[in-house]
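One structure below.
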Amino acid sequence: MSLHRLRNRLAQILPLLIGFSLGFSWFWVRGDIFTLEGLPEGYSWSRYLLSGWGMHHEGVGMYNGFREPGYFWVLSLLGDAMDSYIQAGVLISSCSVLALLICTGAIGHFFGGSWVAMSAMIALPWVATTVDASRWLNNYPMQAAVYAILLTLWLYATRKRSWVFVLLGSLVLGLSFHIDMRTIFFLPVIAVLYSWGLYRNRRTRSRNLIIFLLAFGASYAWGSAVMVPPRAATFVQKQVEQQAVTRRWQREKGPSLKAACEEIPQNELLTLSSVVTKCGFQTLQYNVDNQFRLPFGRDLSVFALLLALFFFWKRPVFGLFFSALSAPFFVWMTLTPFPERYTILYAVPLACLVPCAVGAVLSRPVYRMAASLFLLWWAWDNDFSKRDTHAMPPSSADRKTHTILLDLKKRLKPEELFLDCSRQNLEIAFAPHVNHMQLLKNGRLESYCITYMQEKESADRWLLLNVGGRYYPSHNGWEEVRRWGKSVLWYQAGTSP
């Protein structure tokens, strides 16, 4: 290899390495990515762990039939294999966030080369929600990773001789419906990219169409056959449930949103008829004003989106990609107020938008390098995304739960028994160790609390109760060990053999 070619290769690889290293370092330092030890975090983590446990184990009402089974299927397999459902959940989320970083670089490189990819990867973890997601014990990081992978694969499928990307994209698309049905919001951009790929690759059009149909059908059928949930709600049941949740959010997010949406019947929420209404516009305004922290700022991101339309004649894939991606996104934002966790689903395209606009407008690498470095400095200096502000800090209940779990992990021995009758779902944090899951092991029956309290066992036993209940462990030889507010931990030594 000549010196000139070596310099060119280094000029292409070095920015990618810098971008990945800095992005991953931020996730490592700020988000503890791949640090499996620790306490459970994330929205409804105990419910997600319960559903993961209930996927392959018997349990009364553990599995949430309103969610798709893909995440719980993976969590259950990894949780049993790793002997810890918490560590399995953190591993899934950490791998998902790593996939977000890689896909950000791949999309940036597609539109603008190495420097654009570098700036996008560096800016991705500047949003605190994305950093926190590396330790969430729920399915949102996996959803975000799957959608980012889909966008990346179908973007590269527009190139010539791209049957491999068509194959992989079709396989992932089929599986994505078993992870979450919000895949439908990404179908327009996938359809546009696939159609553009067919248009460009006329000679392989028939082959790619056959590959898509076979791969998508096979992966969807495999998921339906393997990822079988213990129970599943119907589409109508899910819609009614989500409409009730949307109504509750509308009433909680301020008087203006509540007043604008109260006139719409609940059974008409989340339908297209509510999009072009006062409620829809008010919901859109709420989401734009409150729920999106963009690495490069809102104004510049909107300008970049307009460039996507203006430069359609020069870079049609750039215009098609961001236009087809943003249209259903804006429709979704008119349907429901977004909680913070929803924003991670679009973390990759939002981080890529401004850098990719640089790649679309500027053609010479030296100009792209200068513009990318300037944008990074400017965005860092203005701190549009409020890097140090975490939108979802632990609540007082979460902090109490963490304190109790830390104490229990120090006290409980593998052979000892533990029962949680405080209705805090702490037992699932010890899955799959059934000795510390006595309530779950016995079908979550409240009557078992009395049985457990009154019976005698050879093993040492622990019991967690709330003050003021109808249980009196001290009458049955239990010793109070510690209190956390209304939660009391009791201990009873095992009987002699």
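The values are calculated or read from the model by the stated rules, or taken from the named source; none is laboratory data. A quick note: this is a predicted structure, and the numbers were derived from the prediction, not measured. No Cβ is skipped: glycine too gets one built from the backbone with ideal geometry, and neighbour counts run over all protein chains shown. Calculation scope for accessible area: heavy atoms of the full protein, side chains included, ligands and nucleic acids excluded. Shrake-Rupley method; radii C 1.70, N 1.55, O 1.52, S 1.80 Å.
In region 244-261, the condition of being out of contact with any Pro (no Cβ under 7 Å at 6 or more places or on another chain), open to solvent by 30 Å² or more (accessible area, probe 1.4 Å) and either in a loop (DSSP other than H, G, I, E, B) or under 30 Å from residue 169 (Cβ atoms) (or both) is met by no residue. Return yes or no: is residue 321 touching a Leu at 6+ places or on another chain (Cβ under 7 Å), buried (at least 21 other Cβ atoms within 10 Å of the Cβ), part of a loop (DSSP other than H, G, I, E, B) and modelled with pLDDT of 85 or more? For residue 321, the condition - touching a Leu at 6+ places or on another chain (Cβ under 7 Å), buried (at least 21 other Cβ atoms within 10 Å of the Cβ), part of a loop (DSSP other than H, G, I, E, B) and modelled with pLDDT of 85 or more - is not met. The set of residues in region 408-429 being open to solvent by less than 20 Å² (accessible area, probe 1.4 Å), assigned to a helix (DSSP H, G or I) and within 18 Å of residue 491 (Cα to Cα) consists of 408, 427.
In region 269-307, of all residues being closer than 25 Å to residue 380 by Cα and basic (Lys, Arg), the one that is most open to solvent (accessible area, probe 1.4 Å) corresponds to 298. Does any residue of region 190-197 turn out to be open to solvent by 40 Å² or more (accessible area, probe 1.4 Å) and more than 28 Å from the chain's Cα centre (by Cα)? Checked region 190-197: at least one residue is open to solvent by 40 Å² or more (accessible area, probe 1.4 Å) and more than 28 Å from the chain's Cα centre (by Cα).
For (1) over 21 Å from residue 101 (Cβ atoms); (2) open to solvent by less than 20 Å² (accessible area, probe 1.4 Å); (3) at pLDDT below 90, each residue gets a yes or a no:
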| position | (1), (2), (3) |
| --- | --- |
| 340 | no, no, yes |
| 347 | no, yes, no |
| 370 | yes, no, no |
| 378 | yes, no, no |
| 393 | yes, no, yes |
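Taking the numbered list (1) in contact with a Phe, Trp or Tyr (Cβ under 8 Å, 6 or more places away or on another chain); (2) within 25 Å of residue 53 (Cβ to Cβ) in turn, residue 448 passes all entries but (1). All of (1) outside any helix (DSSP H, G or I); (2) within 28 Å of residue 77 (Cβ to Cβ) hold for residue 238 with one exception: (1). Output the residue which, of all residues in region 487-497 that are closer than 26 Å to residue 402 by Cβ and not aliphatic (A, V, I, L, M), is surrounded by the most Cβ atoms within 10 Å (Cβ to Cβ). Filtering first and then ranking leaves 490.
Of the residues making up region 435-486, those that are in contact with an Asp or Glu (Cβ under 9 Å, 6 or more places away or on another chain), modelled with pLDDT of 85 or more, of a type in the set (D, E, K, R) and open to solvent by 20 Å² or more (accessible area, probe 1.4 Å) number 2.
Restricting attention to region 14-50, the residues that are among the polar types (S, T, N, Q), at pLDDT 90 or above and in contact with a Leu (Cβ under 9 Å, 6 or more places away or on another chain) total 0.
Of all residues in region 471-497, those that are β-branched (Val, Ile, Thr) have Cβ atoms under 7 Å from Cβ atoms of residues that are not in a strand (DSSP E or B), 6 or more apart or on another chain, in 488/467; 495/456; 495/457; 495/458. Only residues that are out of contact with any Phe, Trp or Tyr (no Cβ under 7 Å at 6 or more places or on another chain), in a helix (DSSP H, G or I) and not polar (S, T, N, Q) were counted across region 152-191, and they come to 13. Within region 195-217, residues that are in contact (Cβ under 8 Å) with a residue 40 or more places away in the chain sit with their Cβ atoms under 7 Å from residues that are hydrophobic (A, V, I, L, M, F, W, C) and open to solvent by 40 Å² or more (accessible area, probe 1.4 Å), at 6+ positions apart or across chains, in these pairs: 204/163; 207/163; 208/163; 211/163; 211/167; 215/167; 215/171. Each residue in region 430-447 was checked for being assigned to a helix (DSSP H, G or I) and touching a residue at least 12 places away in the same chain (Cβ under 8 Å), and 6 of them qualify. Among residues of region 449-462 that are farther than 15 Å from residue 479 by Cβ, those with a Cβ under 9 angstrom from a residue that is surrounded by fewer than 13 Cβ atoms within 10 Å (Cβ to Cβ) and charged (D, E, K, R), sequence gap 6+ or separate chain, pair up as 450/470; 459/415. Here 182, 159, 207 are screened, and the one residue that is within 19 Å of residue 319 (Cα to Cα) and either open to solvent by 30 Å² or more (accessible area, probe 1.4 Å) or out of contact with any helix residue (DSSP H, G or I) (no Cβ under 8 Å at 6 or more places or on another chain) (or both) is 159.
Selection of helices (runs of 4 or more DSSP H) fully inside region 3-96 by the criterion of at least 1 residues being under 30 Å from residue 112 (Cβ atoms) and more than 18 Å from the chain's Cα centre (by Cα) returns 3-31. Within region 82-140, being of a type in the set (Val, Ile, Thr) and open to solvent by less than 10 Å² (accessible area, probe 1.4 Å) holds for 86, 90, 97, 104, 107, 116, 129, 130, 131.
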